[in-house]
């Protein structure tokens with residue numbers, strides 16, 4: 001029975017997934033690849049079921065990017081307080097096609113990455129780093145917090161290095177209406193991703209837009225609008241209260257709205273008592 005470290009590969013290109021698995025078998029024979037998947041949703045599901053020691057996540061995958069999948073996995077990983085029962089959160093390695101801007105973002109956050117096409121020398125360095133990390137299981141909680149910090153920074157990084165004009169007015173529709181409404185950003189208290197749309201909530205009514213939330217974030221003032229979940233951004237001054245349930249999950253209420261909004265682990269640090 002193999003008692004060595006285990007890994008999961010998430011890569012939507014089968015040939016590249018096979019190439020990575022082959023190189024890993026050559027350079028790290030003790031590592032057992034327990035699953036290979038081709039999309040982010042499957043990556044999260046299989047990682048939760050198999051709880052591997054290492055994850056190799058391609059950045060660009062159908063439906064959910066590697067970064068988004070890692071964030072979702074971190075949200076669902078069984079953590080109790082600051083201790084991780086049974087199994088530490090997996091060591092993460094992002095796989096990306098060469099993009100200098102993306103590489104700079106990873107290096108700035110000390111997040112490990114591999115470039116396509118794979119290079120044996122770079123993979124050897126990654127393996128050495130992973131082996132060192134896995135040799136210190138007692139630091140699991142510390143590593144998990146560091147991973148949250150890395151993911152938070154990478155997800156909030158602008159999608160391009162060029163400056164973006166701040167958003168002041170949103171062109172939105174109301175329900176199934178064909179008419180377009182001009183909604184001042186100053187009136188918005190919440191943006192929430194919903195299927196193919198983003199809900200734009202004011203205290204008076206709800207609007208719908210098709211612009212992805214990630215694109216909106218690049219145009220919003222981060223001091224005014226806080227991201228509290230992968231799919232939710234709220235106006236900070238509209239936050240009325242934050243509560244936690246018995247499991248420690250946080251949710252907040254916004255002035256003028258009746259519904260509650262969940263806060264993910266990535267952004268729970270925003271609401272620690274001062």
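The values are calculated or read from the model by the stated rules, or taken from the named source; none is laboratory data. Owing to the predicted nature of the structure, the values given are computational and were not obtained by experimental measurement. Cβ placement follows ideal geometry from the backbone for every residue including glycine, while neighbour counts extend to all protein chains displayed.
Could you say which residue among 62, 78 is over 14 Å from residue 144 (Cα atoms), under 17 Å from the mean Cα position of the chain (by Cα) and in the same structural domain as residue 111 (by TED's automatic domain parsing)?
After ruling out the rest, the residue left standing is 62.
Given the criterion outside any loop (DSSP other than H, G, I, E, B) and touching a strand residue (DSSP E or B) at 6+ places or on another chain (Cβ under 6 Å), identify the matching residue among 55, 24, 15, 48.
55
Take the stretch 236-265 and flag every residue that is crowded, with 16+ Cβ neighbours inside 10 Å and out of contact with any strand residue (DSSP E or B) (no Cβ under 8 Å at 6 or more places or on another chain).
Once the filter is applied, which keeps residues that are crowded, with 16+ Cβ neighbours inside 10 Å and out of contact with any strand residue (DSSP E or B) (no Cβ under 8 Å at 6 or more places or on another chain), the stretch 236-265 yields only 265.
Have a look at 172, 160, 128 and point out the one that is under 27 Å from residue 211 (Cβ atoms) and modelled with pLDDT of 90 or more.
One residue alone meets the criteria, 172.
Search the stretch 76-90 for residues being at pLDDT 55 or above and farther than 21 Å from residue 130 by Cα, and hand back the single one that is surrounded by the most Cβ atoms within 10 Å (Cβ to Cβ).
79
Which of the following residues is assigned to a loop (DSSP other than H, G, I, E, B), assigned by TED's automatic domain parsing to the domain that holds residue 232, in contact (Cβ under 8 Å) with a residue 12 or more places away in the chain and in contact with a strand residue (DSSP E or B) (Cβ under 8 Å, 6 or more places away or on another chain): 208, 220?
Sole residue among the options that is assigned to a loop (DSSP other than H, G, I, E, B), assigned by TED's automatic domain parsing to the domain that holds residue 232, in contact (Cβ under 8 Å) with a residue 12 or more places away in the chain and in contact with a strand residue (DSSP E or B) (Cβ under 8 Å, 6 or more places away or on another chain): 220.
So residue 95 fits all but one of (1) touching a helix residue (DSSP H, G or I) at 6+ places or on another chain (Cβ under 6 Å); (2) closer than 20 Å to residue 70 by Cβ; (3) at pLDDT 90 or above; what number is the exception?
Unmet condition: (1).
Within the stretch 164-171, identify whether any single residue is in a loop (DSSP other than H, G, I, E, B), surrounded by 15 or more Cβ atoms within 10 Å (Cβ to Cβ) and touching a strand residue (DSSP E or B) at 6+ places or on another chain (Cβ under 9 Å), and answer yes or no.
Checked the stretch 164-171: no residue is in a loop (DSSP other than H, G, I, E, B), surrounded by 15 or more Cβ atoms within 10 Å (Cβ to Cβ) and touching a strand residue (DSSP E or B) at 6+ places or on another chain (Cβ under 9 Å).
Go through the stretch 210-234 and give me each residue that's more than 14 Å from residue 261 (Cβ to Cβ) and touching a helix residue (DSSP H, G or I) at 6+ places or on another chain (Cβ under 8 Å).
217, 220, 222, 223, 224
Looking at (1) surrounded by 13 or more Cβ atoms within 10 Å (Cβ to Cβ); (2) without any contact (Cβ under 8 Å) to a residue 60 or more places away in the chain; (3) within 17 Å of the chain's Cα centre (by Cα), which is the only condition residue 51 fails?
With (1) surrounded by 13 or more Cβ atoms within 10 Å (Cβ to Cβ); (2) without any contact (Cβ under 8 Å) to a residue 60 or more places away in the chain; (3) within 17 Å of the chain's Cα centre (by Cα) applied to residue 51, the lone miss is (3).
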